[in-house]
Ligand code: AMP
Ligand code: MG
């Protein structure tokens, strides 16, 4: 299959493809989504095939209007309505109980609940409105790989497997939405994202954080969380800057004759670039927003380095506020491995 790169002014081409049951990736403020008509089961099945995604991992239903959510849900609690009025369109996904048999089990992973989001991207809102039905939109990458933040990342992973990609430039936020579950008495954050715990509590009061985000051994509530995620091929190890062990890590790798890559803030990159094979700057001025924006593209860039790297050291940030989401993705990309000085 020929994968078309579609410019925003040619959106009608993308609309026709979706209406014909094909897959089209679309830009959002978080990462690129792999779009299919959420009401067309055959189209939704293709999403799992193209991504190589396990079929018990449910999909997020992307809407362009709040009223669409009401068509599918059984109950839209007041606090859930309040939070979406505040943060939609934006990087927040809500989970609600759905009406029976309205959504395919391939959308819900066979659960009685579904995830909904309204992305903050003008092109994609127009796209969904023109299609006239909600779209499923998991990240448009091969399952397990770093999420795509540009149309080129999508093309790299899915060329030949999907009909089109709408090129809307680089995703601003760079990591996936915060997932907030409203099916229990107290809402629970299942996945941290750019909308923080504190921002949510400021609007609707107390919310919990899924236990497995705190304790690695807990079985996760969100099915998708148990799979290998966000990982490049190269081995990733995290470097805790507060322990000042960059030097030790690089010396250890040199002792083992490993080809080293560094993904870190400008000061670290400047200090070590002459000692390693490849570097990529996460942030110029040590800003977490910028590090979040760059994390996945940096992982991809260094993973493609020729000759291949043996190890990639990535900078950690203290786990508070936005850095909770950054560290959640980085820990998975690194398989939880921190460099430990011997
Ligand atoms: P992705 O499609 O890669 O952005 O991932 C979607 C995330 O939302 C995954 O972690 C899913 O497991 C989670 N998710 C989607 N629907 C549900 C649901 N009904 N209940 C719990 N988690 C969900
Ligand atoms: Mg994903």
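Here are the numbers for the structure shown:
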item	result
Mean residue ellipticity (222 nm) of the chain, computed from DSSP H runs ≥ 4 via -39,500 (n - 2.57), nearest 500	-9500 deg cm²/dmol
GNM top mover of 177, 274, 112 - the chain, alpha-carbon springs below 10 Å	274
In degrees, nearest ten, helix 323-333 long axis to first principal axis of the chain (Cα)	80 degrees
Pairwise centroid distance, computed over Cα atoms, of the stretch 110-163 with the stretch 225-265, Å	30 Å
Rounded to 10°, Cα long-axis angle of helix 246-255 versus longest principal axis of the chain	70 degrees
Helix axis angle, 122-131 relative to the chain longest principal axis, alpha carbon, degrees	40 degrees
Relative contact order of the chain, pairs being alpha-carbon contacts under 8 Å that are 6 or more residues apart, as %	19 percent
Most mobile of 66, 295, 23 in a GNM of the chain (Cα contacts under 10 Å)	66
Fewest-first sequence of 74, 167 by Cβ atoms within 10 Å of each Cβ	74, 167
Sequence-separation-based contact order of the stretch 93-204, relative, with Cα cut under 8 Å and 6+ spacing, percent	23 percent
Alpha carbon centroid spacing (whole Å) that separates the stretch 68-93 from the stretch 266-301	36 Å
Residue of 93, 267, 150 that the Gaussian network model of the chain assigns the largest fluctuation, springs spanning Cα pairs under 10 Å	267
From the C-alpha gyration tensor of the chain, square roots of 5λ in Å	34, 24, 17
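Throughout, read-outs are computed from the coordinates displayed, never taken from laboratory work. Small disclaimer: the values here were computed from a predicted structure and weren't measured. Glycine also receives a Cβ, built like all others from the backbone with ideal geometry; neighbour counts cover every protein chain displayed.
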